[in-house]
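The block underneath contains the structure these notes are about, expressed in structure tokens.
What follows draws every value from the coordinates through simple rules; no lab data is involved. Just so it is clear, the structure is predicted and the values come from calculations on it, not from any experiment. In this analysis, Cβ positions are derived from the backbone assuming ideal geometry, glycine residues included, and neighbour counts consider all displayed protein chains.
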Amino acid sequence: MSTPRVLITDEAAAVIDQLRETHGPLMFHQSGGCCDGSSPMCYAEGDFRLGRSDVKLGEVHGVPFYMEKSQFEYWKHTQLTVGVKPGRGSSFSIEIPLGLRFLIDSRLYTEEEAEALAPVERVDA
């Protein structure tokens, strides 16, 4: 069994369910630091254009999670967990009107987890 690169909290999964009812299929793209720091941005599928420099880390609660590959090089040793908290970010992420914002917690993989990491997928844009 492979080690997932991205996890999600139960609270964030509930918000995804709510957003999916309104917006349909969704996607995450990890922001690289512009505007709202380094936050996971949630978009309706197709509202954010992926590029050849993006990689797919996996899926959380049925939602694909992408990151720019040069940023991934810095984060490749960490497991990410998508969470949610009250507050408004200064971004275009679709949870903002709910008075919520997604956030990322991270931790280093154990040696055993690192040996069993799920592969990333290149994006063909």
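Structural remarks
- Number of residues in the range 95-117 that are part of a loop (DSSP other than H, G, I, E, B) and touching a helix residue (DSSP H, G or I) at 6+ places or on another chain (Cβ under 8 Å): the value is 1.
Okay, residues lined up against (1) surrounded by 17 or more Cβ atoms within 10 Å (Cβ to Cβ); (2) part of a strand (DSSP E or B); (3) touching a residue at least 40 places away in the same chain (Cβ under 8 Å); (4) in contact with a His (Cβ under 8 Å, 6 or more places away or on another chain):
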residue: 1; (1), (2), (3), (4): no, no, yes, no
residue: 21; (1), (2), (3), (4): no, no, no, no
residue: 28; (1), (2), (3), (4): yes, yes, yes, no
residue: 41; (1), (2), (3), (4): yes, yes, yes, yes
residue: 46; (1), (2), (3), (4): no, no, no, no
residue: 52; (1), (2), (3), (4): no, no, yes, no
residue: 57; (1), (2), (3), (4): yes, yes, yes, no
residue: 64; (1), (2), (3), (4): yes, yes, no, no
residue: 67; (1), (2), (3), (4): yes, yes, no, yes
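- Restricted to the range 89-101, and to residues there that are farther than 17 Å from residue 60 by Cα and surrounded by 13 or more Cβ atoms within 10 Å (Cβ to Cβ), the residue that is farthest from the chain's Cα centre (by Cα) is 98.
- Selection status of residue 72, within 25 Å of residue 17 (Cβ to Cβ) and aromatic (Phe, Trp, Tyr): no
- Sole exception among (1) out of contact with any Ser or Thr (no Cβ under 6 Å at 6 or more places or on another chain); (2) closer than 17 Å to residue 32 by Cα; (3) not hydroxyl-bearing (Ser, Thr, Tyr) for residue 60, by number: (2)
- Some residue of the range 87-104 being of a type in the set (S, T, N, Q), under 17 Å from residue 17 (Cα atoms), in contact (Cβ under 8 Å) with a residue 40 or more places away in the chain and in contact with a strand residue (DSSP E or B) (Cβ under 8 Å, 6 or more places away or on another chain): yes
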